[in-house]
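Written below as structure tokens is the structure these notes are about.
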Amino acid sequence: MTAYLLKRLAIALATLLLASMVVFAVLEILPGDPARLMLGMNASADQVELLRNQMGLNAPLAWRYLHWAGGLLSLDFGRSYTYSVPVIDLVRERLAVSLPLALIALALSTIIAIPVGLFSASRRGRAGDTISMGAAQLGVAVPNFWFALMLIYVFAVWLRLVPAGGFPGWSAGIGPALKSLLLPAVALALPQAAILARVTRSALIEVLNEDYIRTARAKGLPYRTVLWRHALRNAMIPVLTILGLQFAFLLAGTIIIENVFYLPGLGRLVFQAITQRDLIVVESVVMLLVAAVIAVNLLVDLSYAVVDPRLRSRQ
Amino acid sequence: MSLLDIENLSLTIGDTPILKDIELSVAPGEVMGLVGESGSGKSMTALTVMQLLPHAARATGRVTFDGIDILAATEDQMCALRGDDIGMVFQEPMTALNPVKTIGEQVAEGIRWHTKASRAEAEDRARKMLDRVGLPEAKFPMSRYPHELSGGQRQRVVIAIACALKPKLLIADEPTTALDVVLQAQILDLLRDLVAESRMGLLLISHDLAVVTEMADRITILRHGEVMEAGDTARTLSEQFHPYTRQLAQASMHVPARARLHGNETGRPLLQVEGVTRDYPGRRPSLFKRAPGIRAVDDVSLSIAPGRSVALVGRSGCGKSTLARMILALDRPTSGTISFRGETITGKSQAELKPARRDMQVVFQDPYGSFDPRQKVEKLVAEPLHVLEKKPTRAERHEMVAHALHEVGLDQRDMDKYPHEFSGGQRQRLSIARAIITRPKLVVADEPVSALDVSIRAQILDLFAELNQKLGIAYLFITHDLTVARAITDEVLVMHDGKIVERGKTNEVLDHPQSEAAKALVTAAPDLHRAIARRMQEQG
């Protein structure tokens, strides 16, 4: 187990190092001079040169990489060119929206998907299965912005249960903040739940054909008990894989939903930074997301080992 | 009074009739053998008793267990019976246990479920049961996972689960088919003891007539879902009144007619294996430790003359398949050399191996798993042709495939079919056709008939014998089944713990084994004649 853990950890760290080099290199290659951009088109060449020196843009590449990477480690991401505030403050502010949103959406999607998958798999080919998988098909097919608009129409405009958009900030209290995240979380969760339910179903169906399910039934356990105790855990590996991928998506890929609900999330920050060539923000957020994805993957790898003893004893 | 009574049982799945008017009974303390070839409905009969049939199955007739009408019982009533009064053991021990739960949990689960005992109590009983089936605490703590056990050990766990609550009836569906003969004998002994201990009724399902004869008091022979003959085991099998019974008995002892070989032994050997050893590195329990390695094959030397048929017999895990893989150049020896037709093949590159590959082909055990289901027979059988020096044209290829199919007794029209359109025996013919299409000098066959029914097995053995005579192909048969070795080979090599411990003429070695390993194999191997004789003697 320790060997497995250490190996996974080493792989994660190596990936992170490599990713940081790639991110740094790509943004170096991109055209556009941040100094010129900050000073505007009318600045003289001397002024630009001065600022470049100030920003350390003229230093050798390796030195700049080390400086940048060292900064990342001490959570010093530099200053945003456009907002003129430390990037870390921007990111922290946005994460306070995006992270809870992603977690709520992920939890919702899991809570919906696993029972639906179990239900469908246990009634394979019968009416219940057809209906729930049809619904899942619909969930995958419907664009989430349209679904979000429908949610706003029903719950905000018509029933007036929740605000139609915006985020009051956590300072306004946990209740109102959560309330404003609820609809976007549902809008995000539903398509994810649809995918996850399908994965859960097919993984379960495969497991339900295994001989050990028959052994468990021959012990006298009722079908439902066998489903929960014997089948579900064996079907968890593909489900965990998809969950890991979904978390990464929910953290950063939510720009459309953030726009629909007017939420100040990470997705919108990246989008604005890209359009304004605020490369230092782009760089930092991309690195942060890379780190998050790697961390989630590590977590998924470790949970494989928790679920499946065969992975623990293998090297 | 009977414990289990099956009367007029008919079963359909969808519109397909599976069973017709089955009659069968098991008394307490009695062993009833249910024999038949695959698809004859043995397992379906068992699953009907357990009520674990597929959804579309409809059963009619009467099945009474201990006074309970099984066909009318509710699912709740069945759950109360299963695992408590009726236990079941399945064929495939490698997959019958849940891989993510410890063996202790899996044995204790049924006990807790039925007796509502506390966890500690249930675990205590599970421990005793595991001891009983020969898995003592010291070597097999309850915290072991199934993947840490061998096939035979896993089957003991499955038996422990089935017998944990001392069932009145145990149904064992091919409980030893996947095991080697020595393990088989041990498991059969265990079942016999459990029956004697608590007057348990045992319904033993097998396609192996010899196994059933050794075990069963009475026997029921099934074919195409119908009972052909039923009665006292010794009488049924000695009189062989019913033609199908006779056919089964003859097929299970079938020896193909083979002309004696001419003096070919003095010539240059076709295959020469010298001092071959294969080590596998040990597992790594942590980053800084490594368990000692495993020597799968230990200093093995052997040679096969052209046209000879040689058996490599041994228990599972003795290294015979590893040795075969090295002979086929699919694996590299740690030390030693293998030469084929006088040329060394160890350490050669894939390109250099091509000529050797052409003259050396392989037939695997599982005719289901060794074909790509999405390709037509023509392409599958033509697969080895890519090792030929000159690529055959389309027409030539077609001709060669047609010829190979003809030689194994299939029709050349079969070329456009897909593998699933063939039966198990036909599929094994296809793999033989694939093996002989390059006109090889040596065919390595890894348990080529153990997945087949007795009558199909007899036909395939005949085919092997015929090809040996006609084309002069030498064989290396890898098997744990001594009847196969006796039927078709001239020489036998007995392998144990990676070493060849005995070698000689097949009949001499099998009739008068010298080494411990060979003796164990010979005594454990079920033999129909011997089993009938013993039964007759017991009954006077």
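Where a number appears in this text, it was derived from the coordinates with a stated rule and is not lab data. Being a predicted model, the structure only gives us computed values, none of them experimental. Ideal geometry is used to build each Cβ from the backbone, glycine not excepted, and the neighbour counts take in all protein chains shown.
Excluding B:Leu11 itself, calculate the net charge of residues whose Cβ lies under 11 Å from the Cβ of B:Leu11, where each Lys or Arg counts +1 and each Asp or Glu counts -1.
With Lys, Arg at +1 and Asp, Glu at -1, the neighbours total +1.
In debye to the nearest 20, how big a dipole does chain B give about its Cα centre with +1 on each Lys and Arg Cβ and -1 on each Asp and Glu Cβ?
So the magnitude is around 1880 debye.
Straight-line reach from B:Lys166: which lysines have Cα under 23 Å away, leaving out those fewer than 8 places along the same chain?
B:Lys166 reaches A:Lys219, B:Lys101, B:Lys116, B:Lys128.
Could you state the principal axis extents of the C-alpha atoms in the stretch B:72-196, from the largest down, to the nearest angstrom?
Each principal axis gives a Cα extent; for the stretch B:72-196 these are 40, 33, 28 Å.
Pull up all non-local amide H partners of B:Val363: gap of 5 or more, or a different chain, and H-to-H distance under 5 Å with H placed in the peptide plane.
Result for B:Val363 returns B:Val444, B:Ala445, B:Asp446.
Suppose each label sits 7 Å from its Cα in the direction of the beta carbon; what would the B:Glu466-A:Leu6 distance come out to in nanometres?
It is 6.2 nm.
Given the -39500 (n - 2.57) contribution per DSSP H run of 4+ residues, what per-residue ellipticity at 222 nm results for chain A, rounded to the nearest 500 deg cm²/dmol?
Theoretical 222 nm ellipticity from helices: -24000 deg cm²/dmol.
Taking every pair of Cα atoms in the stretch B:137-228, average 1/r, invert it to obtain the Kirkwood radius, and report Rg/Rh to two decimals.
Dividing the radius of gyration by the Kirkwood radius yields 1.00.
Using alpha-carbon pairs under 8 Å, 6+ residues apart, how would you state the relative contact order of the stretch B:370-439 in percent?
Here the relative contact order equals 48 percent.
Using DSSP to define loop residues, name the GluC sites (Glu not before Pro) in the stretch B:30-138 whose beta-carbon has at most 16 other beta-carbon atoms within 10 Å.
Of the GluC sites (Glu not before Pro), the ones in loops of the stretch B:30-138 whose Cβ has at most 16 other Cβ atoms within 10 Å are B:Glu137.
Calculated from DSSP H runs of 4 or more alone, at -39500 (n - 2.57) each and per residue, what is the 222 nm mean residue ellipticity of chain B, nearest 500?
-11000 deg cm²/dmol
Taking 20 Å as the cut-off for C-alpha to C-alpha distance, list the pairs among B:Lys354/B:Lys441; B:Lys139/B:Lys168; B:Lys139/B:Lys519 that go past it.
B:Lys139/B:Lys168; B:Lys139/B:Lys519
If I take every Cα pair under 8 Å that is 6 or more residues apart in chain A, average their sequence separation and divide by the length, what percent do I get for the relative contact order?
Relative CO of chain A lands at 27 percent.
Please state the relative contact order of the stretch A:143-264 as a whole percent: Cα pairs under 8 Å, 6+ residues apart?
Answer for the stretch A:143-264 is 36 percent.
Straight distance only, please: which aspartates and glutamates reach the Cα of B:Lys320 with their own Cα at less than 15 Å, same-chain residues fewer than 8 apart left out?
B:Asp180, B:Asp279, B:Asp298, B:Asp299, B:Asp331, B:Asp446, B:Glu447, B:Asp481, B:Asp497, B:Glu502
Looking at the P(r) of the protein assembly as shown, how many percent of alpha-carbon pairs lie beyond 46 Å?
Roughly 44 percent, once rounded to a whole number.
Between B:Gln514 and A:Arg312, what FRET efficiency follows from the Cβ-Cβ distance if R0 is 56 Å, with the result rounded to 0.05?
Calculated value: 0.80.
Can you give the convex hull volume per residue for the Cα atoms of the stretch A:87-313, as a whole number of Å³?
In the stretch A:87-313, the Cα hull volume divided by residue count equals 147 Å³.
Put a dot 7 Å past each Cα toward the Cβ at B:Asp232 and A:Ala62; how far apart are the dots in nm?
Those two pseudo-labels are separated by 9.5 nm.
Take every DSSP beta bridge whose two residues both sit in chain B, then give the antiparallel share in percent to the nearest 5.
Here the share of antiparallel DSSP bridges comes out near 55 percent.
What distance in nm lies between label points placed 7 Å from Cα along the C-beta direction at A:Ser303 and A:Leu18?
The two pseudo-label positions are separated by 2.4 nm.
Quick one: how many lysine pairs does the stretch B:370-439 have with C-alpha atoms less than 19 Å apart and a gap of 8 or more or different chains? Give me the count, please.
Lysine pairs meeting both conditions in the stretch B:370-439 amount to 4.
Suppose R0 equals 35 Å. What FRET efficiency, 1/(1 + (r/R0)^6) with r the Cβ-Cβ distance, do B:Lys354 and B:Thr334 give to the nearest 0.05?
So the FRET efficiency works out to roughly 0.90.
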